[in-house]
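Some notes on the structure that comes next.
The values are calculated or read from the model by the stated rules, or taken from the named source; none is laboratory data. Remember, predicted model here, so these are calculated numbers, not experimental data. A quick note on method: Cβ atoms are made from the backbone with ideal geometry, for glycine too, and the neighbour counts reach across all protein chains shown.
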Amino acid sequence: MEEIKFNQIGVSFKGSGSYVPDQILTNEEISQKVDTSDEWIKSRTGISERRISRVEDNVADMGYKAALTAIEMANWDIKTIDLIVLATSTPNDLFGSAPSIQAKLGASNAVAFDLTAACSGFLFALITTSQFLKAGNFKRALVVGADQLSSFVDWNDRRSCILFGDGAGALAIEATNEFDNFIGFDMRTDGERGCFLNLPSKNNEDSIIDNIQFLSGGFSPIQMNGQEVYKFAVKEVPIILDKLFKKTNYSSDKVDWLILHQANQRILDSVGDRLRIPKEKILSNLEKYGNTSAATIPLMIDEAIRNHSIKQNDIIATSGFGAGLSWGAALIKWG
Ligand code: UT7
C-alpha cells in the first residue's frame, strides 16, 4: 500500500459492475407456493420477477463477478487495488466473505473486510470507503454489495417472500487530488425500531458436557412488519435527502438521477413526489430483480451506466434504508 501525500484528496468514480443469478422466479410461480397473485404483487410493489441463486452459488462468487466487471471498466491492474469492502448480511462465511473475493480476484495487495448494515449496507460501505480514501490511507478501492436473501426468506410467508431476490453490484473508486466527486453524505440508525425487520439468530440450547450448556448457532428466517418499514422509509428518506441537499448547497432540481434502495416502487414514487423530483429522474429496476438488499444501489448504477443513462459528471442523489433500522444518503458526481 502506497501512502498518498496530497493535501486535499477527493474521490473519483472509475467503474461499475454487477451480477445476478440466471435463475428467474416470477410472481406467477410464487403464487403456486403461497396465496398471492401477479396482480397483487405488481400493484403493491412493482416487482414482476426476481433472481434466485442456484445451490452452487454464493455471495463471494456473486461479489467476485460484479467486482471483476467494475475493475474491467476502471481498467485497473488488479494488484493496484488497496481495499475491498463487501456490504452483505448473508456472507457464505460468517467470519467474512470479502477475503474470498480478494483471493478470487488475486488482489493480493488489498485489505478486505465485510460490513453489515442490511439494505443500507452498500451506502454505508461507500461512505466508509470514501473516508479511507479522503484520509489518504488508500488509493484504489472496490465497494461491493452482494446478498443472497433467498436463503433466509420464509417461502411460506406471503407478506415478505414476494419482495426479495439475489444479486451483486460493485463500484471501483479512486483517490484523486484533482477534484472531489463525493459531494456529501449523512447516516442514521434507530435501533429502537429494529424490531420491524430482522434476520435473528436462532440458538438451540445444548450441552458440551453435563453441566456446561451452550447455544448452537443458526438463524430464523426474515421477520418483517411491512407496513412499519414502509412508513419509516417514506418519512425518513425525503428528510435525510433534503438535509443533505441543504448541507451541500444543492437542491433537488440540480440532481440528474435519484437512485434509491430498490424496495418497492410505491416507496420510490412517494419519495420522488415529496422531493419534487420528476419520475424520469428516478431510476428503477426492481421490476426485474425485487429487493436484493445491499446489491440494489450498485446494480441500478451499473445498469444505468451501461445503458448510457448516467453520463460523466451527472449528479446522483442516492439513499439506502432498511433493517437496523438504518438509513443514509449520499450525493455524488459520476466520474
Ligand atoms: O429493505 C426494506 C425491506 N422492506 C420493505 O421495503 C417493506 C416495505 N413494505 C412494503 O413494501 C409493503 O408494506 C408490503 C408490500 C410488504 C405489503 O404491502 P401493504 O400494502 O403494506 O399490505 P398490507 O401489509 O397492508 O396488507 C394488506 C392486505 C392484508 O390482507 P387483509 O388483512 O387486508 O385482509 C394482507 O394479508 O394484503 C394481504 N397480503 C397479501 N395478499 C396477497 C399481504 N401480502 C400479500 C400477498 N398477496 N403477497
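Tabulated data for the structure shown
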{"item": "Hits in the stretch 120-156 - residues which are small (Gly, Ala, Ser) and more than 12 Å from the chain's Cα centre (by Cα)", "result": "Ser130, Ala135, Gly136, Ala141, Ser150, Ser151"}
{"item": "Residue in the stretch 312-323 that is under 19 Å from Ala168 (Cβ atoms), touching a residue at least 12 places away in the same chain (Cβ under 8 Å) and β-branched (Val, Ile, Thr) present", "result": "yes"}
{"item": "Qualifying residues in the stretch 306-323 (those that are of a type in the set (Gly, Ala, Ser) and under 14 Å from the mean Cα position of the chain (by Cα)) - the one nearest to the ligand (Cβ to nearest atom)", "result": "Gly322"}
{"item": "Trp76, sole failed condition from (1) farther than 21 Å from Phe13 by Cα; (2) in contact (Cβ under 8 Å) with a residue 40 or more places away in the chain; (3) part of a loop (DSSP other than H, G, I, E, B)", "result": "(1)"}
{"item": "Lone unmet requirement of (1) closer than 22 Å to Asp147 by Cα; (2) modelled with pLDDT of 95 or more; (3) crowded, with 16+ Cβ neighbours inside 10 Å; (4) not β-branched (Val, Ile, Thr) for Asp57", "result": "(2)"}
{"item": "Qualifying residue in the stretch 221-241 (condition: more than 12 Å from the ligand (Cβ to nearest atom) and closer than 23 Å to Ser150 by Cβ)", "result": "yes"}
{"item": "Residue in the stretch 255-276 that is of a type outside the set (D, E, K, R) and at positive phi present", "result": "no"}
{"item": "Neighbours by Cβ (under 8 Å, 6+ apart or cross-chain): first from the stretch 262-291, in contact (Cβ under 8 Å) with a residue 24 or more places away in the chain and closer than 18 Å to Cys161 by Cα; second surrounded by fewer than 20 Cβ atoms within 10 Å (Cβ to Cβ) and of a type in the set (Lys, Arg)", "result": "Asn264/Arg44; Arg266/Arg44"}
{"item": "Exclusive hit being under 28 Å from Lys246 (Cβ atoms), surrounded by 17 or more Cβ atoms within 10 Å (Cβ to Cβ) and of a type in the set (Asp, Glu), set Asp190, Asp186", "result": "Asp186"}
{"item": "Residue ranges of strands (runs of 3 or more DSSP E) in the stretch 93-202 with at least 1 members within 16 Å of the ligand (Cβ to nearest atom)", "result": "140-148, 166-176, 182-189"}
{"item": "Flag if Ala66 is under 18 Å from Ile301 (Cα atoms), in a helix (DSSP H, G or I), at pLDDT 95 or above and of a type in the set (Gly, Ala, Ser)", "result": "yes"}
{"item": "Any hit, the stretch 215-226, residues being surrounded by fewer than 11 Cβ atoms within 10 Å (Cβ to Cβ) and modelled with pLDDT of 95 or more", "result": "no"}
{"item": "Cβ-Cβ under 9 Å pairs, at least 6 apart or on other chains, the stretch 214-232 side over 23 Å from Asp190 (Cβ atoms) and not assigned by TED's automatic domain parsing to the domain that holds Ser270, far side among the hydrophobic types (A, V, I, L, M, F, W, C) and away from the ligand (no atom under 16 Å from the Cβ)", "result": "Phe214/Ile208; Gly217/Leu94"}
{"item": "Residues within the stretch 242-292 that are farther than 26 Å from Arg306 by Cα and either within 16 Å of the ligand (Cβ to nearest atom) or assigned to a helix (DSSP H, G or I) (or both), tallied", "result": "10"}
{"item": "Selection count, the stretch 40-71, where residues are within 16 Å of the ligand (Cβ to nearest atom) and within 17 Å of the chain's Cα centre (by Cα)", "result": "1"}
{"item": "Leu86, sole failed condition from (1) assigned to a loop (DSSP other than H, G, I, E, B); (2) surrounded by 21 or more Cβ atoms within 10 Å (Cβ to Cβ)", "result": "(1)"}
{"item": "Per-region count, the stretch 264-284, residues closer than 20 Å to Ala168 by Cα and crowded, with 20+ Cβ neighbours inside 10 Å", "result": "2"}
